[in-house]
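Report on one structure; see the data block that follows.
The values are calculated or read from the model by the stated rules, or taken from the named source; none is laboratory data. Predicted, not measured: the structure shown is a model, and the values here were computed from it. Cβ sites come from the backbone with ideal geometry, for glycine too, and all protein chains shown count toward neighbours. SASA here: full protein model, heavy atoms, side chains in, ligands and nucleic acids out. Shrake-Rupley method; radii C 1.70, N 1.55, O 1.52, S 1.80 Å.
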Amino acid sequence: MSVKEKLSADMKDAMRAKDKKTTSVLRMILSEMQYAKTAAGSDGNDLDDASALKVIAAYNKRLKKSLGDYPDGEKKDAIVFEMGIAERYLPKKASEQEVRQVVEKVMAANEGAHFGVIMKTVLAELGDAGDGAIVSKVIKGLQA
């Protein structure tokens, strides 16, 4: 089942359950995917899973950035709720310990390499599970 099909099925389930908040968030994500499809000058085909995940990740990132714009309260809680739903569809990120193991392995294989080379290699090895902020923090901690 593709990401878009899963989103659509989950939206239908939320509609049946009369969960308006979840339905609204899923509609927004599907809308973002439709916008990305048309913005890319698509040939009429749906986005592949990798592109769909990029759209969801971008949406989640925008939500994270907007958290700081609101004081504690109802709106901030709504954004956290939206982020939780979006994160359900994103691949699991590697923990700091898993990142540390990969960084140590890459640093041992590329002795004397500078930060940029190590960062690029680690992110390539981790793929979708890599978080640039965590990787950067671990590399800087080990190089110090």
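Equivalent ellipsoid semi-axes for the chain, as square roots of 5 times the alpha carbon gyration tensor eigenvalues: give them largest first, rounded to whole Å. Display every interim value, and only then the final one.
Numbers: eigenvalues 232, 77, 35 Å².
So the equivalent ellipsoid measures 34, 20, 13 Å along its semi-axes.
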query = Cα-based Rg (one decimal) and Dmax (whole number) for segment 8-75, in Å?
reply = 14.2, 44
task = Starting from the Cα-Cα distance between LYS18 and PHE81, subtract it from 0.36 nm times their residue separation and give me the gain in nm to one decimal.
result = 21.0 nm
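State to the nearest 20 debye the size of the charge dipole of the chain about its Cα centre, where the only charges are +1 on K and R beta carbons and -1 on D and E beta carbons.
360
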query = Angle between the Cα long axis of helix 20-39 and the longest principal axis of the chain, 0 to 90 degrees, nearest 10?
reply = 70
ask   = Within the set LYS37/LYS61; LYS54/LYS105; LYS93/LYS120; LYS120/LYS140; LYS12/LYS76, which residue pairs have Cα atoms separated by over 22 Å?
value = LYS54/LYS105; LYS12/LYS76
ask   = So what's the back-of-envelope 222 nm ellipticity for the chain, counting only DSSP H runs of four-plus at -39500 (n - 2.57) apiece and dividing by all residues, rounded to 500?
value = -24000 deg cm²/dmol
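Whole number in Å², please: accessible area per residue of segment 51-144, 1.4 Å probe, ligands, DNA and RNA not counted. Could the numbers behind the result be given before it?
Values: 5830 Å² over 94 residues.
Heavy-atom accessible area per residue stands at 62 Å².
Do any trypsin sites (Lys or Arg not before Pro) in segment 75-117 lie in a DSSP loop with no more than 16 other beta carbon atoms within 10 Å, and if so, which? Mind showing how you got there, number by number?
Details: sites: LYS75, LYS76, ARG88, LYS92, LYS93, ARG100, LYS105; in loops: LYS92, LYS93.
Answer in residue order: LYS92, LYS93.
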message = Over the Cα atoms, compute the radius of gyration (one decimal) and Dmax (the largest Cα-Cα distance, rounded to a whole number) for segment 55-99, in Å.
response = 12.1, 35
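Take the solvent-accessible surface of the protein heavy atoms, probe 1.4 Å, and return the percent of it on the chain that carbon and sulfur atoms account for.
Percent of accessible area from carbon and sulfur atoms in the chain: 53.
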task = Mind giving me the FRET efficiency for ARG27 and ASP128? R0 is 22 Å, r the Cβ-Cβ distance, nearest 0.05 is fine.
result = 0.35
